[in-house]
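What follows is one structure encoded as C-alpha cells, with my remarks underneath.
Read-outs: derived from the displayed coordinates by stated rules, not from any lab. Predicted, not measured: the structure shown is a model, and the values here were computed from it. Glycine also receives a Cβ, built like all others from the backbone with ideal geometry; neighbour counts cover every protein chain displayed.
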Amino acid sequence: MSIFAGLGGGPDGTAEDTAAPLCSSRGCRAVAVWAHRWNNPRLHTPERRKVWLACDDHRASLADFLGSRGFLRDTVPVGDLAPEDG
C-alpha cells in the first residue's frame, strides 16, 4: 500500500483506517506527519531514499536513531513526499 493513500486520521491522532500512514516507531498506531528520508551508504546508491514515517511524539527519537548511524538525509512533512520517495 502506498503511503500516499488516505492521509487522514482520527481526532485523537490515531489512524482512522488502515489507509492512513502510520508512524514507523514500534507499536505506535498514530498517524504519521513527518517523513525521515534516509539511506545506508553501504547498501544504497547516494540518490536512493528509504522513508521512515513519524508522528510528532517519535520524530526526534527516529531521527536520532538514523542520524547516529549517518543514515538520515532529511526530514519533511508527509505531504511533501514524492512518489519516488521510499
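Could you give the dipole magnitude of segment 42-86 about its Cα centre, charging the beta-carbon of Lys and Arg +1 and that of Asp and Glu -1, in debye to the nearest 20? Using Cβ point charges on Lys, Arg, Asp and Glu, segment 42-86 gives about 320 debye. Compared with the direct C-alpha span, the chain from Arg26 to Asp85 gains 19.1 nm at full extension, assuming 0.36 nm per residue. Between Asn40 and Phe65, the modelled label-to-label distance comes to 1.3 nm, taking each label 7 Å out from Cα in the direction of the beta carbon.
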